[in-house]
Amino acid sequence: MRKFSGFLIIIGCFPLLFFLSSEISYEIEAARTFENQMQDSIEFPDVASKLPITLVDKNNDVYSEEYVEWRQPTSLENIPQVVKDIFIYSEDSDFYEHIGFDLSAIARALVINTSEQSVQQGGSTITQQLVRMRYLSEEKTYERKLMEIFYSYELEKHYSKTEILTMYLNEIYFSNQVYGISSAATYYFGKPLNKLSLAEIAFIAAIPNNPSLYDPLKNFEQTKARQERLLQILAEHEVITFAEAETQKSVPIQLNVKQKIQQYPAYSTYVLQELKWLVAQNEGFDVLLANAETEQEKEQLQKQLQNKVDALFQQGAVVHTALNPLKQLHDEQAINQILASSELQASATIIDNETREITSIYGGKNYKKFDLHRAYQTPRQPGSAFKPLAVYAPYFETIDASPSSTVSGGAYCIGTFCPENYGGGLYGQVSLSTAFRHSYNTSALRLYNTIGIDTAFSYLERFNFKSLDARDYSYASALGGLTYGVTSLELADAYTSFIDGSYSQAHAIRKVTDLQGNVLYKWPSERTVIWSPKTVRYMRQLLTDVVTGGTGVGLYTSTNYLGAKTGTTNDFKDLWLAGLTDSETAAVWLGYDIPQSMEDIERYQIHYQIFNAIMN
C-alpha cells in the first residue's frame, strides 16, 4: 500500500508543477520521459569510494597514509545520538515518517524557484541528499530533481531508515576532501568522534550544509555562526536545555587539523610497489604475466592486476611492514651525509637475518616519495660481487673442492672472451681462497667453465633476479657482466642464502589486513634450501677472508661475524659491496645515474663508508 501511495504522489507532482509556472513546462515534459522507467525498481550501482591505506612499522605505528579522500566509515551505533539529532532536526525533521521525499517541502521550494532561472532551493530530505551524493549529479534542473525523487522513493524500499542514515552520515562532505562525520572528527580535531565535546560536534556538523561557505579552514567565523544555530535547534527540540546551548556556544573551538603522515618515503614507496607484487602473486597474475606471449596480452593482464589493486584501495587496508624506523632514519641520514658534497648516488638494502625482512632501504640521496628508487628500479652490472652466487657457491655444490683447493690465476680465454685480472696481473696456481680474496677474474672464469653455464644458472634462477635476460647465458656473467644488471635489493636478497643455506625472498610486507583486522594478503613463509652446510661454511670463510686480507679491508662491524664481497665494473662505473654480519645482510651500490668513471675517487672507498655506517 505504501508503495502504491508513494507512486500516486509522484505522478501527482506533474500537474502541480504544470500549474505553478509555464516557465517549467519544458522541464516537466522532459521529466515525464522517465515515468515508464519507474515501473520497475531502479537498480542502484555499487558506490566505490577510495578509503585510506595505512602503512605501519614493526611497532604497529603508522608511518605513511595513502589517500585522496579522508574517510573513516563507522556504524550507526558508534555515532553519538546527538549527531543524529543535529542532522535530523536541521535537515529532515520528518525523516522517520516520509517515504523518501517530503511533498510539502518540495512544493515550497518550487514556489520560491518559479521566479528564478534555475533551481535554487531544494527541499531535500536526507534520503534525497544521499541519492544526490551517491547516484546523481549536483546539476540544478527540474529533470534531475524529479529523478532524485524517484530514486529516493526506491531507495527507501531497498534500505531501512537506519541503513540510510548510516550511509548518509558516512558519506556527507565536510570540505577539504573529508567525507563522513567520523572522518571530520579526526581530521579537524585529531580525536575520535566519541571524544568530541558537544560544541565540537556541532561545529563540524555545521560544515555539510554548505562545504564551501562553512569550510572552517577558510571561513571559521561563518562555521561558528552556523554551529550556534545548530545548538539553538537542539534546544528548541529539547535535546539540550537553552542554558546548555548558551554554555556550549561559548566553548572555545581549537582546531587540530590532521596532517597526512608521510614518513620514510624511500621505504613507503617500495612497500607500495611490493604491495602490487603481493597482489599479483596471490591472485595468480605473476604466473600469467610470465607466460604471456604477446605485449597486448601483458598489457591486458597488467590492467586486470591494477583493477585488483584499485579494489584494495577502495575498501581500505592496513599494510603491516617490517620497517625499523630508527634504523631507516639513521641509514638515510648517514648516507645522505656521506654523499652530501658530490653528485654521486647510491642505493642500499638491509635485511634482518632471522626474519628475512627488509628493515631499511635507501633509494637515493635526499629521496622524495615516488622519485626514481635506485634500490629496486635501476639494475646495474654487479661486477665481482656476483661471483659468490654465479661461480664459487655453485662450484662448491657440484665439485669436491674446498677453499684450499687450487686454480690457475694465469691468462685465460674462452673463444674471444679474454678477461684480465685487476691491474693486468698474472698468477700461477693459487688457492680458491686467494683467488676469491683478491677477486681474480681469470680464476673465476675457469671455475665457471668447469661447472658450465647451465649449472650456474640453475642456481641463479632460484633467486629473485628480475632483470636476468636470455643474453646473460654467457661467460661474461661469471664476472657480473650482465645485460641489465641487478639491484641492491636483489643482491642483498640473494646473499641471505649465505646465512644458513636456505632462501626465501626478502619482503618488507608482513601482511595486509582490512580495516577490521582480517588478513587479506600475506607472503608465503616457506624457505628453500639452496646451499649445503659445507658450501655455506666455505662461502662464509671466503667472505671473511675478503674483509681480513683482501679487497674488503677497511670494513668493520661490532658483531662476531663479518663477510663481504666487493664489485667493480669496467671503467669504474659501478662500485658494489655485499655482505653479512651475525644479524643483517646488506648490499650497497655507488655510482652516477648517468654512468661515468669513478676511478679518480675509488680510493676514497665511499661505498665502504656507507656499508660501515649501515652495518654498525
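Filtering the range 319-326 for residues that are surrounded by fewer than 18 Cβ atoms within 10 Å (Cβ to Cβ), assigned to a helix (DSSP H, G or I) and out of contact with any Cys (no Cβ under 8 Å at 6 or more places or on another chain) leaves a non-empty set.
Yes/no per residue for (1) in contact with a Lys or Arg (Cβ under 9 Å, 6 or more places away or on another chain); (2) over 30 Å from Ile204 (Cα atoms):
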| site | (1), (2) |
| --- | --- |
| Gln232 | yes, no |
| Glu238 | no, no |
| Trp277 | no, yes |
| Asn282 | yes, yes |
| Gln296 | no, yes |
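Each residue in the range 365-401 was checked for being in contact with a strand residue (DSSP E or B) (Cβ under 6 Å, 6 or more places away or on another chain) and not in a loop (DSSP other than H, G, I, E, B), and 5 pass. Scan (1) touching a helix residue (DSSP H, G or I) at 6+ places or on another chain (Cβ under 8 Å); (2) surrounded by 15 or more Cβ atoms within 10 Å (Cβ to Cβ) for the single condition Tyr422 breaks and write down its number. Every listed condition holds for Tyr422 apart from (2).
Among the residues making up the range 521-547, a single one is of a type in the set (Ser, Thr, Tyr), touching a strand residue (DSSP E or B) at 6+ places or on another chain (Cβ under 9 Å) and surrounded by fewer than 15 Cβ atoms within 10 Å (Cβ to Cβ): Thr528.
Table: residues versus (1) within 26 Å of Thr127 (Cβ to Cβ); (2) surrounded by 14 or more Cβ atoms within 10 Å (Cβ to Cβ); (3) in contact with a His (Cβ under 7 Å, 6 or more places away or on another chain).
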{"residue": "Val178", "(1), (2), (3)": "yes, yes, no"}
{"residue": "Ser182", "(1), (2), (3)": "yes, yes, no"}
{"residue": "Phe189", "(1), (2), (3)": "no, yes, no"}
{"residue": "Ile207", "(1), (2), (3)": "yes, yes, no"}
{"residue": "Thr241", "(1), (2), (3)": "no, no, no"}
{"residue": "Glu244", "(1), (2), (3)": "no, yes, no"}
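Between Glu299, Glu274, which is among the acidic types (Asp, Glu), closer than 30 Å to Gly364 by Cβ and surrounded by 17 or more Cβ atoms within 10 Å (Cβ to Cβ)?
None of the others qualify; the one that does is Glu274.
Just for the range 506-516: of the residues that are surrounded by fewer than 24 Cβ atoms within 10 Å (Cβ to Cβ) and in contact (Cβ under 8 Å) with a residue 60 or more places away in the chain, which one is farthest from Thr416 (Cα to Cα)?
My answer is Leu515.
The residue list Ala375, Ala348, Ala385, Ala393 contains one member that is in contact with a helix residue (DSSP H, G or I) (Cβ under 8 Å, 6 or more places away or on another chain), aliphatic (A, V, I, L, M), touching a residue at least 60 places away in the same chain (Cβ under 8 Å) and not assigned by TED's automatic domain parsing to the domain that holds Phe463, which is Ala348.
The conditions of being surrounded by fewer than 20 Cβ atoms within 10 Å (Cβ to Cβ), under 22 Å from Tyr362 (Cβ atoms) and among the charged types (D, E, K, R) are met by Lys573. Restricted to the range 402-457, and to residues there that are in a loop (DSSP other than H, G, I, E, B) and in contact with a Leu (Cβ under 7 Å, 6 or more places away or on another chain), the residue that is nearest to Thr569 (Cα to Cα) is Pro419. Among the residues of the range 197-212, those that are free of Cβ contacts under 8 Å to residues at least 40 places away in the same chain and either farther than 13 Å from Phe174 by Cβ or of a type in the set (Val, Ile, Thr) (or both) comprise Ile204, Ile207. Mind checking which residues of the range 465-490 are part of a loop (DSSP other than H, G, I, E, B), in contact (Cβ under 8 Å) with a residue 40 or more places away in the chain and crowded, with 17+ Cβ neighbours inside 10 Å? Within the range 465-490, Gly480, Gly481, Leu482, Gly485, Thr487 qualify.
Counting only residues that are in contact with an Asp or Glu (Cβ under 9 Å, 6 or more places away or on another chain) and within 17 Å of Asp94 (Cβ to Cβ), the range 234-248 holds 2 of them.
Highlighted here are the helices (runs of 4 or more DSSP H) found entirely within the range 227-306 that include at least 1 residues which are among the hydroxyl-bearing types (Ser, Thr, Tyr): 242-249, 265-283. Evaluated against (1) more than 22 Å from Asp61 (Cα to Cα); (2) in a loop (DSSP other than H, G, I, E, B); (3) within 42 Å of the chain's Cα centre (by Cα), Thr355 falls short on exactly one condition, (1).
Within the range 548-575, the set of residues being under 16 Å from Ala613 (Cβ atoms) and out of contact with any Lys or Arg (no Cβ under 8 Å at 6 or more places or on another chain) comprises Gly554, Leu555, Tyr556, Thr557, Ser558, Thr559, Leu562, Ala564, Leu575. Is at least one residue of the range 342-353 touching a Gly at 6+ places or on another chain (Cβ under 8 Å), under 17 Å from Glu274 (Cβ atoms) and either crowded, with 23+ Cβ neighbours inside 10 Å or among the β-branched types (Val, Ile, Thr) (or both)? There is at least one residue in the range 342-353 that is touching a Gly at 6+ places or on another chain (Cβ under 8 Å), under 17 Å from Glu274 (Cβ atoms) and either crowded, with 23+ Cβ neighbours inside 10 Å or among the β-branched types (Val, Ile, Thr) (or both).
Test Lys308 against the criterion of being surrounded by fewer than 23 Cβ atoms within 10 Å (Cβ to Cβ) and either touching a strand residue (DSSP E or B) at 6+ places or on another chain (Cβ under 8 Å) or not hydroxyl-bearing (Ser, Thr, Tyr) (or both), and give yes or no. For Lys308, the condition - surrounded by fewer than 23 Cβ atoms within 10 Å (Cβ to Cβ) and either touching a strand residue (DSSP E or B) at 6+ places or on another chain (Cβ under 8 Å) or not hydroxyl-bearing (Ser, Thr, Tyr) (or both) - is met. For the range 370-411, a residue qualifies if it is closer than 24 Å to Asn336 by Cα and surrounded by fewer than 16 Cβ atoms within 10 Å (Cβ to Cβ), and the qualifying residues are Phe370, Asp371, Leu372. Within the range 313-339, the set of residues being out of contact with any Asp or Glu (no Cβ under 9 Å at 6 or more places or on another chain) and modelled with pLDDT under 95 comprises Gln314 only.
The values are calculated or read from the model by the stated rules, or taken from the named source; none is laboratory data. As the structure is a prediction and not an experimental result, all values here were calculated from the model. Cβ: placed from backbone, ideal geometry, glycine included. Neighbour counts: every protein chain shown.
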